[in-house]
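Chemist: I have a structure here, written as structure tokens, and I will follow up with some questions on it.
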Amino acid sequence: MKLRVLLVLFLAPLLVAVLPAQTVRVACVGDSITAGGYPGILDGLLPANYEVRNFGVSGATALAAGHGDLPYRSQPEYAAAVAFAPDIVVIKLGTNDSKAENWINRQYFDTDLAAIVTSFYGLSSHPQVFLCAPIPAMGTDYGIAPRVIETEIVPRILQLRGSLAGVRGIDCFSPFLGHPDYYDDRIHPNEAGRQLLAATIHAAVTAPVDTTPPGAPATSSATAPTTTSVLLVWAAASGAPSGYFVYRDGVLVATVRATTFADTGLVPGTYTYSVRAFDAALNLGAAGPAAVVNTLGVTDTTPPTAPTGLAGHGISTSAISLSWTASIDDVGVSSYQICRNGATTPVGTVASPGFTDTSLAAGTTYAYRVSALDAAGNESAHSAEITATTIASGTPVLNVPITIKECAGTGITDYPVSVVIPLPRGAYQTADALRLYNAAGVAVPCQFAVLNRWWATDNSIRHVTAQFQVSPAAFTGAAGSGTQTFHLRTSGDVIPPSRAVTVTESPSLVTVNTGPLRFTVNKGAGFNLFNELWLDANNDGTFAAAERLIAPSAANGGFLVPRTGAGATQNDSARNDISVTVEESGPLRVVLKIQALTNFTSTTNHLHGWAVRLYAYAGKPFVKVDYQLQNSALNAQFAWPLYFEEAGLRLGLSLGGAPSVTIGRGDGTFWQSPVNRGAYLAQEYHNRAAIYARRPRQPRRRPDAHLRQRRGLEGSSTSPVPTAALQPPSATSGRPGPTASRPAPTARSASSSIPPGAVSTSTPAGTTSPPSSARPISTGSRTCSMP
């Protein structure tokens, strides 16, 4: 069998080399700037097997019917573009939306444009969708508003592109800045402009997927040569920025390509500026440091408020860690000064709350106070003085560094992680003294639990789990990027989380509340995994009837499909031997464990166990489900034969609008499907999982996408862990995409056993080799045979 697979892998590239190139269809969607002719130039730039069609409509808006005066989606060109079944869609709208009669409905712009994008993204041809920032307007011809395009529409499109998984962006705005010579009438590009626009789109369509944002400008400064103008200068951002957004007092005032900006028309006063970079793929970077400037004639004489909540504790025999609450200033706090033992000369100056004082004596008490300064040099009153003591010599000291790394290149905020930490034998009998600190020496909320002990000796803690939440920046590929460092230490204050998860029990139900999410689990007969589940969608702190996503149903939960002659399908709801326990309880995480036995044919020799754990996290609107089927028996090491052929998990979700299910493929891309058709995440065999979509009244077909699964799983799990992704199959027509990084296809088929509105995962048992219907799937530079 291995020899056969290897032959396919080596021979496939030779087969690809002799096959004729498949046609790749490109649909150019837009307004008069698209209709004006750049698609014809783009067609000449792309390879011969690309077919480019122009579906531009003069005067069209992204705003839908009732919101815009000429909605693109209501025009026949839109229907023609859909019927074209494109492999690539380039959407360039927004210019006409800036007109006063249209922009009065600006609150609908994001959702109306997103509806156009997702309508193409959901086609059966599974196109790669590119969303363009419109070119700048050089005047107000035809009622176009240049400032609206620059400061409102372009930033909205950047934010929208970032929120739509798998959609790529094209910066058509920056290349035209400062080039009125590229226009016929200050709105429409001339021949040179159309050439530039086509070249910009060509470069984006043929480039690899770029999801890495540029870095933040390292430094910035502002000077005020007059009472009405400011010159802002900043260091270039890392990466490949194509432009910068300039904000004054938090409001976007300009989009520029250079690293300087002259702000004019001001009045005497104090202003705060910040800068964010974006790149050609419309990835938006973080803001650089703020620059505060006073125009001539105004002096800042107001000091910040005094720091509050100063606390400190010894973290070693020679160091004390301090933390406090930030001060408030009418312009902005620039730094904090830390003074020790009543001295007026600070022992340290920091930009944000948190300081570690070092080189101290062991077992010694020190007094501290902190003051705040603003950019004008105004100093606040001192905080209340506190004392802290270093750890005495000979006392066991724990200082374990923990580094969290984000590898997807997107960055995360307050995401829950669990870390297992080994401890030396004999050091700790309880976890009460353990504390977690960030890199600045500030204590952070952390939940500890004893995982294992040195049972053969003194029963001290051998392994402890630390449950906390992290916010590393995006991984860029540079050394040290995407990481966040913490330290496990002893002593100090316990920091409660801002939002805690709670769990309550009654004789029949367990109720868990994370803040934005609440769900109940039935403890008795009729167990269905989630008895009810609510999502506080409007964040008002209550769970209304309309916010209930899961209702009690015997069809929900796990199920086992029998082999021929092994009896009826077994549902969790039919069992009366369910055990529900609270395995771990808050404040950062609650874990529920549910377990029972299954029974096929024999009551003594084929009792297969199953267990599911539900993980709920403080402040989070999601639940992690770990559902496992255990291949074990009461009187044998393992049970054989298996009398079932499929293990699955169903969740009937009540969702409004047009929601979709999204499954990450492990490489930063996603597979998506309308949720009303359902989806399978199925384990094909021990090291491969596949994604299936549902089509009514059709048997299971070839998978829509594949995942790699880690080796060494015990039993068979319906929650496989993807560690790498493979390219999904191409569209129904068999046309390949232009690159190996096309977004995942929309669902097209699966088993009819899933009811409409359900999201299901299943695990066919006994699969030991790829089915005979295996077909080639593109993986970029080579082709390999996959089921």
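Chemist: State which residue is most open to solvent (accessible area, probe 1.4 Å) when the search covers only segment 459-468 and only residues that are of a type outside the set (A, V, I, L, M) and within 35 Å of the chain's Cα centre (by Cα).
Modeler: Arg462
Chemist: Also, I was wondering about something else. Output the number of residues of segment 62-113 satisfying the condition of being surrounded by fewer than 24 Cβ atoms within 10 Å (Cβ to Cβ), within 20 Å of Arg147 (Cβ to Cβ) and touching a Ser or Thr at 6+ places or on another chain (Cβ under 6 Å).
Modeler: Summing the residues that are surrounded by fewer than 24 Cβ atoms within 10 Å (Cβ to Cβ), within 20 Å of Arg147 (Cβ to Cβ) and touching a Ser or Thr at 6+ places or on another chain (Cβ under 6 Å) in segment 62-113 gives 1.
Chemist: Gly312 is checked against (1) outside any strand (DSSP E or B); (2) modelled with pLDDT under 85 and fails just one. What number does that condition carry?
Modeler: The failed condition is (1).
Chemist: Please pick out the residue among Ser498, Ser491 that is open to solvent by 40 Å² or more (accessible area, probe 1.4 Å) and within 22 Å of Ala616 (Cβ to Cβ).
Modeler: On inspection, the qualifying residue turns out to be Ser498.
Chemist: Can you name every residue in segment 170-191 that is in a helix (DSSP H, G or I) and either out of contact with any strand residue (DSSP E or B) (no Cβ under 9 Å at 6 or more places or on another chain) or of a type in the set (S, T, N, Q) (or both)?
Modeler: Ser174, Pro180, Asp181, Glu191
Chemist: Name the residues in segment 138-170 that are more than 19 Å from Thr200 (Cβ to Cβ) and open to solvent by less than 10 Å² (accessible area, probe 1.4 Å), would you?
Modeler: Gly139, Ile144
Chemist: Just to be sure, is Ala254 in a strand (DSSP E or B), open to solvent by 20 Å² or more (accessible area, probe 1.4 Å), within 17 Å of Thr151 (Cβ to Cβ) and of a type in the set (A, V, I, L, M)?
Modeler: No: the conditions fail for Ala254.
Chemist: Out of everything in segment 382-421 that is charged (D, E, K, R) and either open to solvent by 30 Å² or more (accessible area, probe 1.4 Å) or without any contact (Cβ under 8 Å) to a residue 24 or more places away in the chain (or both), what residue ends up being farthest from Val623 (Cα to Cα)?
Modeler: Glu385
Chemist: Taking the conditions exactly as written (modelled with pLDDT under 90, of a type outside the set (Phe, Trp, Tyr) and open to solvent by 70 Å² or more (accessible area, probe 1.4 Å)), does Asp577 satisfy them or not?
Modeler: On the way: modelled with pLDDT under 90: yes; of a type outside the set (Phe, Trp, Tyr): yes; open to solvent by 70 Å² or more (accessible area, probe 1.4 Å): yes.
Taking the combined requirement at face value, the residue satisfies it.
Chemist: Could you please find all residues in segment 451-482 being among the hydrophobic types (A, V, I, L, M, F, W, C) and not in a loop (DSSP other than H, G, I, E, B)?
Modeler: Passing the criteria: Leu451, Ile461, Val464, Ala466, Phe468, Val470.
Chemist: Now, a different point. How many residues are under 33 Å from the mean Cα position of the chain (by Cα) and either open to solvent by less than 80 Å² (accessible area, probe 1.4 Å) or of a type in the set (S, T, N, Q) (or both) when one looks only at segment 424-442?
Modeler: 9
Chemist: While we're looking at this one, here's another question. If Thr305 passes every condition in (1) hydroxyl-bearing (Ser, Thr, Tyr); (2) assigned to a strand (DSSP E or B); (3) closer than 30 Å to Ile495 by Cβ but one, which one does it miss?
Modeler: (2)
Chemist: Mind listing whichever residues of segment 449-458 are in contact (Cβ under 8 Å) with a residue 12 or more places away in the chain and open to solvent by 50 Å² or more (accessible area, probe 1.4 Å)? Spell out how you get there, then give the answer.
Modeler: In the first step, residues of segment 449-458 are kept if they are in contact (Cβ under 8 Å) with a residue 12 or more places away in the chain; the result is 449-451, 454, 457-458.
Result: Val450, Leu451, Trp454, Thr457, Asp458.
Chemist: Could you please find all residues in segment 188-212 being open to solvent by 30 Å² or more (accessible area, probe 1.4 Å) and over 21 Å from Asp87 (Cβ atoms)?
Modeler: Within segment 188-212, His188, Glu191, Ala192, Arg194, Gln195, Leu196, Thr212 meet the criteria.
Chemist: Next question. What are the pairs with Cβ atoms under 6 angstrom where one residue, in segment 426-445, is over 20 Å from Ile461 (Cβ atoms) and the other, located anywhere, is acidic (Asp, Glu)? Sequence gap at least six, or different chains.
Modeler: Ala443/Asp493
Chemist: Select from segment 271-322 the residues that are within 24 Å of Thr389 (Cβ to Cβ) and of a type in the set (Ser, Thr, Tyr) and write down the one among them that is most open to solvent (accessible area, probe 1.4 Å).
Modeler: The qualifying residue most open to solvent (accessible area, probe 1.4 Å) is Thr308.
Chemist: Please enumerate the residues belonging to segment 368-381 that are assigned to a loop (DSSP other than H, G, I, E, B) and either of a type outside the set (A, V, I, L, M, F, W, C) or free of Cβ contacts under 8 Å to residues at least 24 places away in the same chain (or both).
Modeler: Gly377, Asn378, Ser380
Chemist: Further question: Given the conditions (1) in a helix (DSSP H, G or I); (2) open to solvent by less than 10 Å² (accessible area, probe 1.4 Å); (3) β-branched (Val, Ile, Thr), which single one is not true for Ile135?
Modeler: Against the list (1) in a helix (DSSP H, G or I); (2) open to solvent by less than 10 Å² (accessible area, probe 1.4 Å); (3) β-branched (Val, Ile, Thr), Ile135 comes up short only on (1).
Chemist: Do we have any residue at all in segment 258-270 that's open to solvent by 50 Å² or more (accessible area, probe 1.4 Å), outside any loop (DSSP other than H, G, I, E, B), in contact (Cβ under 8 Å) with a residue 60 or more places away in the chain and more than 30 Å from Leu131 (Cβ to Cβ)?
Modeler: no
Chemist: Within segment 331-349, how many residues are part of a strand (DSSP E or B), under 18 Å from Ala381 (Cβ atoms) and open to solvent by less than 50 Å² (accessible area, probe 1.4 Å)?
Modeler: Qualifying residue count for the region: 6.
Chemist: I'd like to know if segment 277-299 contains one or more residues that are part of a loop (DSSP other than H, G, I, E, B), over 15 Å from Thr223 (Cα atoms) and either among the basic types (Lys, Arg) or touching a His at 6+ places or on another chain (Cβ under 6 Å) (or both).
Modeler: Checked segment 277-299: no residue is part of a loop (DSSP other than H, G, I, E, B), over 15 Å from Thr223 (Cα atoms) and either among the basic types (Lys, Arg) or touching a His at 6+ places or on another chain (Cβ under 6 Å) (or both).
Chemist: Enumerate the pairs (first residue in segment 109-127 and touching a residue at least 12 places away in the same chain (Cβ under 8 Å) and more than 14 Å from Leu93 (Cα to Cα); second residue anywhere and open to solvent by 30 Å² or more (accessible area, probe 1.4 Å) and among the β-branched types (Val, Ile, Thr)) with beta-carbon separation below 6 Å, excluding pairs fewer than 6 apart on the same chain, so at least 6 apart or on different chains.
Modeler: That search, which allows pairs on different chains as well, returns Ser124/Thr732.
Chemist: So, one more: Would you call Ala431 among the aliphatic types (A, V, I, L, M), assigned to a loop (DSSP other than H, G, I, E, B), over 23 Å from Thr364 (Cα atoms) and in contact with a Phe, Trp or Tyr (Cβ under 8 Å, 6 or more places away or on another chain)?
Modeler: On the way: among the aliphatic types (A, V, I, L, M): yes; assigned to a loop (DSSP other than H, G, I, E, B): yes; over 23 Å from Thr364 (Cα atoms): yes; in contact with a Phe, Trp or Tyr (Cβ under 8 Å, 6 or more places away or on another chain): yes.
For Ala431, the condition - among the aliphatic types (A, V, I, L, M), assigned to a loop (DSSP other than H, G, I, E, B), over 23 Å from Thr364 (Cα atoms) and in contact with a Phe, Trp or Tyr (Cβ under 8 Å, 6 or more places away or on another chain) - is met.
The values are calculated or read from the model by the stated rules, or taken from the named source; none is laboratory data. Because the structure is predicted, anything quoted here is derived from the model rather than measured. Backbone-built Cβ (ideal geometry, glycine too); neighbour counts: all protein chains shown. Surface accessibility is based on the protein's heavy atoms, side chains included, excluding ligands, DNA and RNA. Shrake-Rupley method; radii C 1.70, N 1.55, O 1.52, S 1.80 Å.
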